[in-house]
Amino acid sequence: MVTSDQVNALRAGDLDIGIARPSVTAMQRIVIAEELEDPFCLAVLEGHALARQRRIELPGISGEAFVFFTQQMGPAYFDQIVGLCTDAGFSPNIRYQASTLYGVLDLVSAGLGVGIVPASAAMLGRKQLVIRSIVDPTRRCSMALLHRRARPMR
């Protein structure tokens, strides 16, 4: 489930815990039990010129076509990525959008653009992709263990 679906399910009592990207706007009645850093990285196709670089300077990718996670499914995540690009001095050329991280990686694997993804995306095992660190990202990315705030006893 994407973060918004998990938060809604937690609020409704359909989930006991969730592992998601924390969003300040989504956290009413939700508790972050633990938060782990999961820094932003760049996903590129193995043969791409950027794949030869160990670390990526964001201003250097301003001319690339981007694959983004759709704004509708993850507005806070979308805004963070746009903010990273804006902080680096450019507006991203968003060519494609996907509703899941798997979809973003699949589109990058098809050579349709580069994607800014969390470092944990490397664990999803896409053989034709490389994940590269971003030098001094201006935005923070993390994963959180979430649960619903306990109701007061009566």
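Rule-based calculations on the coordinates, nothing more; no lab input. On a predicted model such as this, the values are computed, not experimentally measured, just so you know. A quick note on method: Cβ atoms are made from the backbone with ideal geometry, for glycine too, and the neighbour counts reach across all protein chains shown.
Structure values in brief
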| read-out | value |
| --- | --- |
| Relative contact order (%) - the chain, alpha-carbon pairs under 8 angstrom, separation at least six | 41 percent |
| With 10 Å bins from 0: P(r) over the range 1-123, alpha-carbon pairs, percent | 12, 42, 31, 13, 2 |
| Arg52-Arg140 pseudo-label distance in nm [points 7 Å out on the Cα-to-Cβ vector] | 3.7 nm |
| Highest-MSF residue in the chain out of Val130, Val67, Val31 [GNM, Cα springs under 10 Å] | Val31 |
| The range 58-142 - charge dipole about Cα centre, Lys and Arg +1 at Cβ, Asp and Glu -1, debye rounded to 20 | 200 debye |
| Loop-located trypsin sites (Lys or Arg not before Pro) in the range 1-98, at most 14 other Cβ atoms within 10 Å (DSSP) | Arg29, Arg54 |
| Among Ile81, Ser91, Gly103 - extreme Cα towards positive end, dipole of the range 37-138, charges at beta-carbon | Gly103 |
| Highest-MSF residue in the chain out of Gln128, Gln80, Gln72 [GNM, Cα springs under 10 Å] | Gln72 |
| Kirkwood Rh, Cα atoms: Rg over Rh of the range 67-120 | 0.94 |
